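Working notes, structure below.
The values are calculated or read from the model by the stated rules, or taken from the named source; none is laboratory data. Fair warning: this is a prediction, and the values are worked out from it, not measured in the lab. Here Cβ is always computed from backbone atoms with ideal geometry, including for glycine, and neighbour counts include all displayed protein chains. To get the accessible areas, we keep the full protein, side chains included, count just its heavy atoms, and leave off ligands, DNA and RNA. Shrake-Rupley method; radii C 1.70, N 1.55, O 1.52, S 1.80 Å.
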Amino acid sequence: MPEPRPLIGVSTYLEAVARWGVWEQGAALLPSGYHRLVQRAGGLAAMLPPDEPAAAAAVTARLDALVVAGGPDVEPVRYGAAPHPMTGPPARERDAWESALLEAALEAGTPVLGICRGMQLLNVVLGGTLVQHLPETAGTGCAHGGPPGVFGSHVVKPVPGTVLARALPEAVTVPSYHHQAVDRLGRGLVPSAYAEDGTVEAVELPGAAGLVLGVQWHPEAGDDPRVMETLVRAAR
């Protein structure tokens, strides 16, 4: 009998208006790359739309691992900063719900993977801060994003000896779409990859009860399953 596939919860976007078929309605949604990557890595994907933060512990108790997906900027008030002119509008329901999910998962030792916004929110939940708008990096060969709705591409170099480096032992080219980044690291977090311009591209939490990993890029938009496979192995 095959080994049961672990249940991987993935947080969702929450949009006031989305269009599909003949419909135009509010929707909780998730780009299909997320569930397909979870499935390719050997997990079962479950979408986690925003709910009351008090429900987070009950939700994480039913999961084998948690993925906090990409999306809008974290509201700066959560790390004690005033908004930068380039910071996007707040997504307060997502901030509150996903912060509660992360706190519950960290408390329970549930393995965690933060992707882009998810990595940034993990850093904030642990007391860290964010760079609200990256300076121009012309000439560095490091494109953190393309035109609106288009992923950039750049090289990420894992830090030897980290969990990430065991999954990705070599420098890799990754799909990327972000204008913010980790500034001061949250409690216990260590950098586990950098971009060529020095931007922190991955963080992890040594000594945590379960895997705690964040990546600034979007593995669901690429064809390399190794980061998600690391989460699924931890979930087993």
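A few comments on the model shown:
- For ASP183: the one exception among (1) open to solvent by less than 30 Å² (accessible area, probe 1.4 Å); (2) in contact with a Ser or Thr (Cβ under 6 Å, 6 or more places away or on another chain): (1)
- Screening segment 1-84 for strands (runs of 3 or more DSSP E) wholly inside it with 2 or more residues that are open to solvent by 40 Å² or more (accessible area, probe 1.4 Å), more than 18 Å from LEU121 (Cα to Cα) and at pLDDT 95 or above returns the ranges 13-20, 23-29, 44-48.
- Pick from segment 115-141, criterion closer than 20 Å to ALA171 by Cα and modelled with pLDDT of 95 or more, ranking: surrounded by the fewest Cβ atoms within 10 Å (Cβ to Cβ): CYS116
- Residues (open to solvent by less than 10 Å² (accessible area, probe 1.4 Å) and among the polar types (S, T, N, Q)) located in segment 203-236: GLN216
- Only one of the listed residues (GLU107, GLU93, GLU103) is surrounded by fewer than 18 Cβ atoms within 10 Å (Cβ to Cβ), part of a helix (DSSP H, G or I) and either of a type in the set (Ser, Thr, Tyr) or in contact with a Leu (Cβ under 8 Å, 6 or more places away or on another chain) (or both). That residue is GLU93.
- Residue that is touching a Cys at 6+ places or on another chain (Cβ under 8 Å) and either over 21 Å from LEU7 (Cα atoms) or buried (at least 20 other Cβ atoms within 10 Å of the Cβ) (or both), where the choices are HIS154, HIS144: HIS154
- Residue match in segment 162-179 (condition: open to solvent by less than 40 Å² (accessible area, probe 1.4 Å), more than 18 Å from GLY114 (Cα to Cα) and over 14 Å from the mean Cα position of the chain (by Cα)): yes
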